[in-house]
Each structure stands twice: as C-alpha cells, then as structure tokens.
Amino acid sequence: MFLKNYTIQLAKDILIRFPKKIIRFFEFLIELFHFKKNNDQRFAVTAKDIYPCLTDKLKKTPFDHHYTYHPAWAARILAKTRPEYHVDFSSILSFGTIVSAFIPVKFYDYRPADLKLSNWDSGFADLTNLPFETNSQSSISCMHTVEHIGLGRYGDPLDATGDLKAINELKRIVKPGGDLLFVTPVGKSRIEFNAHRVYSYEQILSYFSPLSLFEFSLIPDQGGIIDHADPASVADQKYGCGCFWFKKI
C-alpha cells in the first residue's frame with residue numbers, strides 16, 4: 001500500500017505539481033515586477049530579500065482533518081466537563097496548550113516537550129508503565145498516540161503488545177466516574193509498520209472493557225466530523241479517525 005501510494009504521489013509531483021510550480025514561478029516574477037513598480041516605498045523590495053511562496057494561492061485554506069477535528073472535539077468535551085485539571089498523554093501539543101488557557105493541563109510524553117506556559121506542566125511518561133496510582137485521575141486523554149506504541153517509530157522499544165499495555169494503563173489510572181478521551185485511526189484492522197496501527201471499532205470497545213462508551217464521533221475518509229456516528233460506518237473506512245469518550249463506572 002505504501003509503495004502504491006508513494007508511486008502515485010511521485011507521478012503527481014512530476015506530471016502535475018512540478019509544471020504548476022514552474023508556471024506559478026513565472027507568475028510570481030510578474031507579480032514582483034508590478035509590486036516593485038507600484039511600491040509606496042515604506043519598505044524596500046530587494047532581490048536578496050525575496051521569499052517566493054508558490055503553493056499558497058488556493059481558493060480554500062487546507063488543513064489536516066484528523067489533527068484539526070479531533071483536538072476540537074476533545075476541547076469541546078472539556079469545556080462541558082470542566083475538570084479541576086486535565087492529564088494528557090502524548091496528544092498533539094496544540095490541544096493541551098490551548099486547553100491550558102482555561103483548565104490546568106499536565107502533559108506527559110515519551111519525548112517530553114520543553115515548553116513553558118502558565119497552567120501547563122510537562123514531564124516524561126512511558127505509557128506502558130505509568131507513574132500514577134490506580135483510580136487516581138478524573139480526566140485524561142490520549143489521542144492519536146497508542147497506535148504507535150511498540151513500533152519503534154518514536155524511539156520506544158519494539159513490542160507487539162505495547163498498545164494493549166498502554167490501554168490497560170489508561171484504564172487503570174482513570175478514577176471511577178472519570179473521563180477518558182481516546183482517539184485512534186479506525187477502519188480495516190491492520191499494522192502499517194512502522195507508522196501506526198489501524199483498529200476496528202469492535203477492537204477498541206473490547207480493549208477498553210469494562211469502561212463505558214459515552215460518546216463516539218468519527219472523522220471519515222472524506223473529511224469533516226460526524227458527531228454520535230454510526231459504529232457500523234467504521235468498517236467502510238480506509239483510514240478514519242475514531243473519537244471515543246469513555247467513562248469509568
């Protein structure tokens with residue numbers, strides 16, 4: 001699958017994107033000439049300072065659907081639950097740093113982030129052996145992370161069951177009545193080594209048993225987000241993004 005996708009992308013780069021960049025470069029030169037001609041002289045426009053940006057002239061702003069929608073989904077849940085503080089394990093940094101504006105966030109990663117903000121703490125944690133007491137945390141998240149554990153991509157040891165160990169640790173530390181926000185790729189179950197795993201909906205529910213699923217949302221292959229999605233639709237996804245809100249009863 002990787003080789004097929006790589007070949008397709010390479011062909012598109014050579015046959016479509018490269019010729020477009022050449023055309024766009026000549027358009028840039030024309031724009032530069034006209035701008036210099038009509039410059040109001042507040043800023044000098046010199047050859048040594050030109051900085052051609054040739055790929056941003058688009059009708060719509062592009063974005064990564066997985067990594068834009070899932071933090072937005074989680075932040076909206078925290079805006080409802082308003083925990084005293086929130087513990088996040090290795091999710092995208094933009095999530096925790098923004099949430100820390102209204103809820104204190106403790107961030108832990110196998111590769112700690114050297115980032116300083118108010119209401120924000122960062123430290124090391126191995127998700128397969130978390131340094132927290134059982135039933136101790138009322139609000140935790142781990143998003144687009146567990147699918148990588150044990151594949152060696154981020155310097156962690158190779159371990160075919162690393163993801164299951166991490167899930168068991170998340171289940172262990174969440175407090176009864178507490179919330180666990182979990183996000184992972186979903187679709188046809190497989191490993192795309194050494195990038196990530198893709199899980200079926202049924203796998204995730206079985207792995208997180210006996211926690212109770214409170215809400216499921218889906219970022220499908222075609223983009224967007226479906227709140228309270230039909231679990232049956234996961235089987236139709238190639239590389240969807242499942243957003244699971246679990247509660248420990």
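The values are calculated or read from the model by the stated rules, or taken from the named source; none is laboratory data. Note that this is a predicted model, so its numbers are computed, not measured. Heads up, the Cβs are rebuilt from the backbone with ideal geometry, glycines too, and the neighbour counts pull from every protein chain shown. All accessible areas refer to the heavy atoms of the entire protein, side chains included, with ligands and DNA or RNA removed. Shrake-Rupley method; radii C 1.70, N 1.55, O 1.52, S 1.80 Å.
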(Q) Going by what's in this entry, would Thr68 be described as open to solvent by 50 Å² or more (accessible area, probe 1.4 Å), hydroxyl-bearing (Ser, Thr, Tyr) and farther than 23 Å from Val186 by Cβ? (A) no
Q) Looking at segment 174-182, is at least one residue farther than 26 Å from Asp227 by Cα, of a type outside the set (D, E, K, R) and at pLDDT 95 or above? A) no
Q. Hey, any hits in segment 140-156 for a residue that's under 25 Å from Pro231 (Cβ atoms), of a type in the set (A, V, I, L, M, F, W, C), touching a residue at least 60 places away in the same chain (Cβ under 8 Å) and crowded, with 19+ Cβ neighbours inside 10 Å?
A. yes
**Q.** Members of segment 208-249 found to be surrounded by fewer than 16 Cβ atoms within 10 Å (Cβ to Cβ), touching a Ser or Thr at 6+ places or on another chain (Cβ under 7 Å) and within 23 Å of Gln137 (Cα to Cα), listed by number
**A.** Lys247, Ile249
Q | helices (runs of 4 or more DSSP H) contained in segment 1-83 and holding at least 1 residues of a type in the set (Asp, Glu) and either under 22 Å from the mean Cα position of the chain (by Cα) or modelled with pLDDT of 95 or more (or both) | A | 18-37
**Q.** Residue list for segment 120-139, filter: open to solvent by 30 Å² or more (accessible area, probe 1.4 Å), in contact with a Phe, Trp or Tyr (Cβ under 8 Å, 6 or more places away or on another chain) and not in a strand (DSSP E or B)
**A.** Asp126
**Q.** Close pairs from segment 175-192: first farther than 21 Å from Ser136 by Cα, partner part of a strand (DSSP E or B) and basic (Lys, Arg), Cβ under 9 Å, at least 6 apart
**A.** Thr184/Arg197; Pro185/Arg197; Ser189/Arg197; Arg190/Arg197; Ile191/Arg197
Q: Would you check if Leu205 is among the aliphatic types (A, V, I, L, M) and open to solvent by 40 Å² or more (accessible area, probe 1.4 Å)?
A: yes
